[in-house]
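The values are calculated or read from the model by the stated rules, or taken from the named source; none is laboratory data. None of the values given here were measured: they were computed from a predicted structure. Cβ coordinates were reconstructed from backbone atoms using ideal geometry, including for glycine residues, and neighbour counts include every protein chain displayed.
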Amino acid sequence: MAKGQENHNTVQYVENLKKSFKIVRRNKYLWVLGFLAGSSFTSFNYGTNLNGLFQQKINNSTNAAGHTPRPFDGNLFITNILNWCKDHWFFILIIAIALLLVFLALVILSIMSKAGLVFSVIEIAEGRQSSFGQALKFGLHKFWKVLGLSLLISLVVLAVIVVLVSPALVFWHFKALFILYIFLIILPAIAISVFAGIIFEYALRFIALHEKKIIESVKSSVSVIKEKKKETLLVWLITVGIGLVGGTVLLIILLLAALVLFLVGLLFFIMAPIAGIIFAVLAVCAFFAAIFLASGFISAIISAFWTLSYQDIAT
């Protein structure tokens, strides 16, 4: 009996890794969930032809005086920016509100995707059908608990980091001691962040798969970590390895792809500028779509591996 129980609790690291890769590779919607779940924040860059606007104003002022265009004046440029913002404040407000709404929508989707990804992996691993819609529906059901868990762990980590960093203020006027103290607290700060991250991974799955409350899930996570230190450490190290190897391979592929796209785009531009511009727009869209899918693929594998290993460790 004891032997059977020991075998039952053995973590199948290689098997779980293979199974995670297989599940994610065959279910492409998990890539989208992986990207959303792995994104803490998202930034957008919106461009406008401000350069032409400001250059026109500068040229008008210089031409009216009968002078040739002056060298770039940083103060004048900033003044023109401020004037433009003052004249178009309503437009800027609308854009800011729109960006805020998009950001909030992405945060909500990210929180929903965390639980939805856990749910989908378990459903698929146990031979049941799952879909993107079912995952988001499940994530919505767990939204407030996952949000509360994220806030709780983030605030605790922030409080601990503040406590660690605060004494550095005492050494502010003693540069050598200040730098020494900062170096001394780097490792504890990293260790605390890693420990909190592992607690979150376990607690998320206690919430998603066992209907536990936030505090109860955190307590259960700490208990599992205490009882299964070796297994937990190995799972974490493997996920770090997946991230490092996957990120390195992705970076190399993207750099090569960017170089090829740049050379092809340059060739198009030399032959026909319009064709070069059109190709550049399409290439940029394809490039960012590839980043989106590839990063989602890696994040989904890491999440799936945590989920399958959690089943071996915590059940």
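Looking at the stretch 9-21, is at least one residue loosely packed, with under 13 Cβ neighbours inside 10 Å, at pLDDT below 50 and assigned to a loop (DSSP other than H, G, I, E, B)? Within the stretch 9-21, not a single residue is loosely packed, with under 13 Cβ neighbours inside 10 Å, at pLDDT below 50 and assigned to a loop (DSSP other than H, G, I, E, B). Residues considered: L255, L267, L263, L259. Of these, the only one that is part of a helix (DSSP H, G or I), in the same structural domain as L308 (by TED's automatic domain parsing), within 23 Å of the chain's Cα centre (by Cα) and on the phi < 0 side of the Ramachandran plot is L255. Looking only at residues of the stretch 290-315 that are aromatic (F, W, Y) and within 13 Å of the chain's Cα centre (by Cα), we find that the one that is nearest to A258 (Cα to Cα) is F292. A single member of I111, I95 is farther than 30 Å from Y310 by Cβ and in a helix (DSSP H, G or I), and it is I95.
Within the option set L149, L117, being under 17 Å from F200 (Cβ atoms), in contact (Cβ under 8 Å) with a residue 40 or more places away in the chain, aliphatic (A, V, I, L, M) and not assigned by TED's automatic domain parsing to the domain that holds V218 holds for one residue only, L117.
Here is a yes/no grid of residues against (1) acidic (D, E); (2) surrounded by 15 or more Cβ atoms within 10 Å (Cβ to Cβ); (3) within 26 Å of the chain's Cα centre (by Cα):
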{"residue": "L147", "(1), (2), (3)": "no, yes, yes"}
{"residue": "A159", "(1), (2), (3)": "no, no, yes"}
{"residue": "V170", "(1), (2), (3)": "no, no, no"}
{"residue": "F183", "(1), (2), (3)": "no, no, no"}
{"residue": "L187", "(1), (2), (3)": "no, no, yes"}
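Just wondering, is there one or more residues in the stretch 158-175 that are under 17 Å from I207 (Cα atoms), in contact (Cβ under 8 Å) with a residue 12 or more places away in the chain and in contact with a Phe, Trp or Tyr (Cβ under 8 Å, 6 or more places away or on another chain)? No, the conditions are met nowhere in the stretch 158-175.
In this structure, F200 qualifies as closer than 17 Å to I111 by Cβ, at pLDDT 90 or above, in contact with a Leu (Cβ under 7 Å, 6 or more places away or on another chain) and surrounded by 13 or more Cβ atoms within 10 Å (Cβ to Cβ).
Pairs meeting the criteria (first residue in the stretch 216-235 and modelled with pLDDT under 95, second residue basic (K, R) and not in a helix (DSSP H, G or I), beta carbons under 8 Å, at least 6 apart or on different chains) are S220/K212.
Given the structure, is L82 at pLDDT 90 or above and either assigned to a helix (DSSP H, G or I) or of a type in the set (A, V, I, L, M) (or both)? Considered against the rule, which asks whether it is at pLDDT 90 or above and either assigned to a helix (DSSP H, G or I) or of a type in the set (A, V, I, L, M) (or both), L82 comes out as no.
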